[in-house]
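Worksheet: one structure, shown below.
The values are calculated or read from the model by the stated rules, or taken from the named source; none is laboratory data. If you're wondering where the values come from, they're calculated on a predicted model, not measured in any experiment. Reconstructed Cβ throughout: ideal geometry from the backbone, glycine too, with neighbour counts over all protein chains shown.
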Amino acid sequence: MRSLLLLVCLVSAAAGAQPLGRFSAQAEPPDSSSSPDEPDWARTPPAEGPAEPAGVRARRYSRFSAGPGGPSLVVLEVIIGLAGGAMVGSSFDAEGETNHFYTGAMLGGLTLGTAGTLYQYFLPVERRESLLTAFAAVAGLSAGIGFANNQDLPDRDRAIIALMSSQLGVFSSLLLTSGDLELSGSDLGLISIMPIYTTLFAGFIELINDAQSTRGYNYAPMLIAPAVGMAIGGLLSIPLELNGLGFALITAIPLSITGMTFGFAVAISRGLSAGAARAGLISLSASLVITALTTALTYVPPPQERASASAVRITPMPVLLAAGRDHSGLAAGPGLWIQF
């Protein structure tokens, strides 16, 4: 009985080993993405990227933008196009008989939105650059409105100049920050804080002129001041690189001192007057200059990083050695200059 059982086991093992070897030689790796019984129309098509080189495709941020700040630029351009187009369309109304408000808004939003979409698709826009572009657009828009109001231009010219100045701010900031120029956080902070100071200076000066003359308060300098401040901040950001403490000092101290001084002066003079404006202007100038000098004198630049050479550099060069009796002569011979 035992011998019969052993014989049956040997026959079963031999019969099972033959199909296993045959199927192992002909077996193919199964497709994990689809089953053999799945029809062709239900199978997932292979992934295909855009018609771009592999290097360019690897540097893209997404399918729709070349940088992380691209969508913000598109939204900004659409909003400016809607607002500017609505102003231009309303200026073409003939004595209230026609209304081109909606048409101008749609054309402006579509045109500028398309331009922003194409720009951010082919050229990368970083998040800081998009934020700087938004500030520059608002500053350019206010500068255009202030210039048009100062020249007493008609509504149509005022709307066109405001729209063109906003686009000048957008594309000038994009042009200056494109390429290898990297916009750091301190540069963005310095460019953003300078329009506040220039606007305060313009406001105090116009308040003094209004109290001393009968021409009335002129808001045009205050509207042009943000664009001038951004230009000054951009020039100062080239040689300066503020750290967090320096930026906090130059931001908080002048504004707080000026606010308290101007508030006390207004309370003492019981209203806005030339004396209160002079007190605010003097406190702003003095605190800003003192804080800037203190920050500049106590600023410690970060240590420069030294990159080691990737390989040892060996250069043949002549070598001078002392020679002769009592080393009173010189001898020249071949040598090597080795840099690690």
Working carefully through the options Ile257, Ile268, Ile238, Ile250, find the one that is in a loop (DSSP other than H, G, I, E, B) and aliphatic (A, V, I, L, M).
-> Ile238
Could you check Arg127 against (1) within 13 Å of the chain's Cα centre (by Cα); (2) under 24 Å from Phe247 (Cβ atoms); (3) surrounded by 23 or more Cβ atoms within 10 Å (Cβ to Cβ) and say which number it fails?
-> (3)
Quick one: which residue in Ser165, Ser178, Ser173 is of a type outside the set (A, V, I, L, M) and at pLDDT 90 or above?
-> Ser165
Name the one entry in Ala202, Ala274, Ala265, Ala248 that is without any contact (Cβ under 8 Å) to a residue 12 or more places away in the chain, on the phi < 0 side of the Ramachandran plot and out of contact with any Cys (no Cβ under 7 Å at 6 or more places or on another chain).
-> Ala248
